[in-house]
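Below: the structure, in structure tokens.
The values are calculated or read from the model by the stated rules, or taken from the named source; none is laboratory data. Bear in mind the structure is a predicted one, so any value in this text is a computation, not a measurement. We place every Cβ from the backbone using ideal geometry, glycine too, and count neighbours over all the protein chains shown.
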Amino acid sequence: MMPVRISLAFTLLFLIACQSEKHTEDVEVSIEPLSDYSIYHLPGKWVNQQSDTLKLEALQGKIVVASMVYTQCNAACPYLISEMKQVESFLGREKLLEEVVFLLISFDPLADTPQELQSFATELGLDPERWILVQGTEDLVLEIAALLNTKYKRVGDIHFAHSNIISVLNREGVLVYQREGYDTSIEGLFKAITKLTQ
Amino acid sequence: MVCALLAATPLSGQGLERGAMTQIPGGSFIPLYRVDTLQAEVSSFLLDVYPVSNADYLTFVKENPEWSRQHTKAVFADQNYLRSFTEGLDAAAYDQSFLKQPVTNVSWFAARAYCAWEEKRLPTTHEWEWAARSSETHPDGSIDPGFYQRMLDWYSRPTSGRPDTVGSTFKNYYGVYDMHGLVWEWVNDFQSTILTGESRTDKSATINLFCGAGASSATAVDDYVAFMRYAFRSSLKAAYTVRVLGFRCAQSQPQ
Amino acid sequence: MKFRIYPTRISLLLISALLVLASACTSKGQTDGETDPLAAKKFDVIKGEEVAVLTDPPNVPPPITRKHATKVIVKMEILEHEMEIAPGVTYTYWTFGTTVPGPFIRVREGDLVEFHLQNHPDNKLPHNIDLHAVTGPGGGATSSFTAPGHETIFEFTALNSGLYIYHCATAPVGMHIANGMYGLILVEPREGLPAVDKEYYVVQSEFYTTGGYGAGGLQPFDMEKALAENPTYVVFNGSVNALMGENELKANVGDRVRLYLGNGGPNLISSFHVIGEIFDRVYLEGGTNATHNVQTTLIPAGGSAIAEFRVEVPGTYHMVDHAIFRAFNKGAIANLRVDGDENLLVYSGQRDDRIYLPEGGVVQRMPGEEETKEVVALSKEERVRMGAMVYTQVCQACHQANGEGIPGAFPPLAKADYLKNVGASIHAVIKGLQGEITVNGVKYNGVMPAQNLSNEEVANVMTYVYNNFGNDGTVVTPDMVQAQR
């Protein structure tokens, strides 16, 4: 195993109980050295639906339920998002909502501007308290898809062929669970998340 | 005729100037896995004449220590990353044949970082497949009798120890060496091969696993060599390092 | 009260209709005590875990004795490497566990299997595995796609008992299988299999090489031949002579032998036969149904069979694919050597070896045989005895065993007045006779062909005739015969 090394690029800020979902500017939060397997080691800046810049490590401390979609998708993506909303309801009943953030990453940074993401979120009734929609450069999208084992390619001008995956990251940003396809139940997702809250 | 543009000094007899490139003229062809249209268009581009060698990569790591074995995080390269660089980063510590071998046990992230350092990028799947179609004498190697069997033969031979040196296989029609017969090579969009690995359903990829995958299906059932390349790529994850997997870089040309 | 008595005919009709209905009901369902094979499977409680004992062919792990389900951990490594396929000929095999076929896996119905697939870093290609014992997508193939230098893990419950093929299913599938990526997994039924004395693991398969049978050196895979389903080699356990010579299977007289048979294909169906043996029991296609007294059983490509027999007699028994050119020209032959005491009642071995003559013909010689020195009769008794043999072989067909002949066709020799003329009688034998003659007052007008006999033989047979059938006891000598020639 490689020894854990704190990169010089990381600024160590010790924040007490900063669990707010709203992140403004480049606030870098790290409580302790990140696991070597955390995807938050991926450098780069993203922009969310409120047009705020955001770095992935800002998600530390929360359990993240993530998927890659694009706003023009009319096949599987709406279904995936509705399943994520089912997870949200389930967590609400279990009073675990405080712990979790829902992350949607767009395949298409050109078409999915922050404004598009915002209207998309409003249309689908995604609660801004816990739903984060982001876009980044094409290169960043390529890299995050690689880290999330998500295959994709452009077909035509608007659409993408892509894997249908819902991923769960632990509080350190390590990928702990993935559910591929949508013909199996989401029981596994509930279990994976519940396990992380214990 | 191909006109070979070299981005570095002319090839010497050894021909191992780092980063020597040649132009691959544009065209269209039918790739094994179609996208939405049957034909894929490739614009002309520059491609490295040789795969990146151990000597090249040593230089890269010396100048970019965050990509050394110790400093690279597991999420970007697995524990076999650069496992053959046992003597440190000084080229003098290694024998000549090792230095001329293609670098392997490098992940996709590492390969991308190297190409970015040279102000290049990895080739796309279509660019790579297009350049690889040619035999020594024909841009379309399928015309060349025996070419297909020679590629099949390479897959039939197991890897014995380390690969041979770069330039040790054949030079193709475009002046590019070792597109077949030396190592597998990373491409930038290896994740665009929409396959599950369960090849019996991969003939037309499962609709539910992949959104929009109805468009994805194999165009030829008997191009075994192409099947093996696509299967290999789809078995990879970005952080994987494999003993028979290296890479070379490409560069876009202004159109 | 009045009630109608149905006429007899209608009663019979009613009764038979009822019987038909009754039989239809019972034939649709099961007889009492049988479980419905299509019913939902019950899951056993899993107790403990163990690492599976895997064996190289032709051996199998020992029978399972535990009576509960357990978690079985199976670790299988894939290695691509060169091995000999025939004397002087090598091939790059892609193998599970370095052998072709791969290791034998033995589990029990209801077991939970944790399967680890390990792809050796030296390999060129990704691989996966489809076990026919798995119920689930791809038989495990979707969950086991492994790049070189990596390992994947998935789990399954062995829901059905039986003998199942496993194989690689990575594209191009035909090539992966053609290069040797297959083996067998046995899921023992909960109650176990009947005890036997020897168990062996034999898998038939084909190989397609550019060179012909026996062409030397490292032979590459030939795709054209594979597509045409025209193999160069058809072999048991991966190579010509894999089960011959010092590697032949062994058993002792009296052993109950069970063969776990598989067919990796990729293309051909096997007609499996053991020369000199009959399968006392065959589990058809490796399933639950057993049949008895089978000479040759089919093993489908990608399928299996279990053949059992008791060996009774010592010797070397050849196992073949009875599509016979495969056995003798492509390598589909393997040996089972049985040692022990003879049992002549079951099989006597050769009792005798003698010349065969079709009736009415001449004494024949074996081709290439030199004229054997004739055995010369040294006494009248010998002459008569030897003559009897000639009579039986040459004369009896027409003149009959008792010399009576056939009225209207063949004249008698018994008390025949014609025989009083010895010279004419000899002449008839050596030169033939046709035209009308009278024997014992009866006219005969047939044809007697000339007999190609030596002087000794004529002398013998005629002496026999003269000294039997109530004739006068004349002795005919070879000189007398010679005089008539």
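Here are a few things to note about the model shown:
- Those residues of the range B:91-125 which are over 21 Å from residue B:71 (Cα atoms), within 14 Å of chain A (Cβ to nearest Cβ) and of a type in the set (A, V, I, L, M, F, W, C), in sequence order: B:122
- Residue check for residue B:50: in contact with a strand residue (DSSP E or B) (Cβ under 9 Å, 6 or more places away or on another chain), among the aromatic types (Phe, Trp, Tyr) and at pLDDT 95 or above: yes
- Scanning the range B:132-159 for residues that are within 11 Å of chain C (Cβ to nearest Cβ) and polar (S, T, N, Q) yields B:149, B:156, B:159.
- Condition met for residue B:166 (modelled with pLDDT under 95 and in a loop (DSSP other than H, G, I, E, B)): yes
- Of C:133, C:171, C:141, all but one fail to be assigned to a loop (DSSP other than H, G, I, E, B) and facing another protein chain (nearest Cβ under 8 Å); the exception is C:171.
- Matching residues in the range C:104-163 - criterion: being closer than 26 Å to residue C:237 by Cβ, buried (at least 23 other Cβ atoms within 10 Å of the Cβ) and small (Gly, Ala, Ser): C:133, C:139, C:140, C:141, C:144, C:158
- Selection of the range A:134-156 for residues being facing another protein chain (nearest Cβ under 10 Å) and of a type in the set (Asp, Glu) yields A:139, A:143.
- Scanning the range C:50-73 for residues that are part of a strand (DSSP E or B) and touching a residue at least 60 places away in the same chain (Cβ under 8 Å) yields a total of 1.
- Residues that are exposed (fewer than 14 other Cβ atoms within 10 Å of the Cβ) and at pLDDT 85 or above, drawn from the range A:176-196: A:187, A:191, A:195
- Sole exception among (1) exposed (fewer than 10 other Cβ atoms within 10 Å of the Cβ); (2) modelled with pLDDT under 90; (3) hydroxyl-bearing (Ser, Thr, Tyr) for residue C:65, by number: (2)
- Hits in the range A:148-158 (condition: out of contact with any strand residue (DSSP E or B) (no Cβ under 9 Å at 6 or more places or on another chain) and touching a residue at least 60 places away in the same chain (Cβ under 8 Å)): A:158
- Test: residue in the range B:170-180 that is in a loop (DSSP other than H, G, I, E, B), within 14 Å of chain C (Cβ to nearest Cβ) and modelled with pLDDT under 90: no
- Total residues in the range B:41-60, condition out of contact with any helix residue (DSSP H, G or I) (no Cβ under 8 Å at 6 or more places or on another chain) and part of a loop (DSSP other than H, G, I, E, B): 5
- Single residue of C:179, C:128 found to be within 14 Å of chain B (Cβ to nearest Cβ) and within 15 Å of residue C:75 (Cα to Cα): C:128
- Restricted to the range C:254-310, and to residues there that are without any contact (Cβ under 8 Å) to a residue 12 or more places away in the chain and assigned to a strand (DSSP E or B), the residue that is surrounded by the most Cβ atoms within 10 Å (Cβ to Cβ) is C:290.
- Within the range C:439-452, residues that are under 18 Å from residue C:421 (Cα atoms) have Cβ atoms under 8 Å from residues that are assigned to a strand (DSSP E or B) in these pairs: C:443/C:437; C:444/C:410; C:444/C:437; C:444/C:438; C:448/C:433; C:448/C:434, counting only partners at least 6 apart in sequence or on another chain.
- Breaking point among (1) buried (at least 21 other Cβ atoms within 10 Å of the Cβ); (2) more than 18 Å from residue A:165 (Cβ to Cβ); (3) aliphatic (A, V, I, L, M), for residue A:97: (1)
- Residue in the range C:395-410 that is within 15 Å of residue C:457 (Cβ to Cβ) and not in a loop (DSSP other than H, G, I, E, B) present: yes
- The range C:210-243, subset in a strand (DSSP E or B) and at pLDDT 95 or above, residue nearest to the other protein chains (Cβ to nearest Cβ): C:233
- Assessment of the range B:89-103 against the conditions (on the phi > 0 side of the Ramachandran plot and surrounded by fewer than 23 Cβ atoms within 10 Å (Cβ to Cβ)) yields no matching residue.
- Tabulated pairs, the range A:171-188, first closer than 16 Å to residue A:150 by Cβ and facing chain B (nearest Cβ under 8 Å), second of a type in the set (Gly, Ala, Ser) and not in a strand (DSSP E or B), C-beta under 9 angstrom, 6+ apart or interchain: A:182/A:76
- Any pair with Cβ under 6 angstrom, 6 or more apart, that starts in the range A:96-112 at a residue that is without any contact (Cβ under 8 Å) to a residue 60 or more places away in the chain and ends at one that is of a type in the set (S, T, N, Q) and outside any strand (DSSP E or B): A:112/A:71
- None of C:159, C:184 is within 17 Å of residue C:101 (Cβ to Cβ) and either free of Cβ contacts under 8 Å to residues at least 24 places away in the same chain or away from chain B (no Cβ under 14 Å) (or both) except C:184.
- Every residue from the range C:71-92 that is among the hydroxyl-bearing types (Ser, Thr, Tyr) and surrounded by 19 or more Cβ atoms within 10 Å (Cβ to Cβ): C:91, C:92
- Residue check, residue B:152 surrounded by fewer than 21 Cβ atoms within 10 Å (Cβ to Cβ), in contact (Cβ under 8 Å) with a residue 12 or more places away in the chain and outside any loop (DSSP other than H, G, I, E, B): yes
- Qualifying residues in the range B:68-84 (those that are hydrophobic (A, V, I, L, M, F, W, C) and surrounded by 22 or more Cβ atoms within 10 Å (Cβ to Cβ)) - the one farthest from residue B:170 (Cα to Cα): B:75
- Test for residue B:65: is it surrounded by fewer than 22 Cβ atoms within 10 Å (Cβ to Cβ) and within 14 Å of chain A (Cβ to nearest Cβ): yes
- Restricted to the range C:79-119, the set of strands (runs of 3 or more DSSP E) holding at least 2 residues that are of a type in the set (A, V, I, L, M) and touching a Gly at 6+ places or on another chain (Cβ under 8 Å) is empty.
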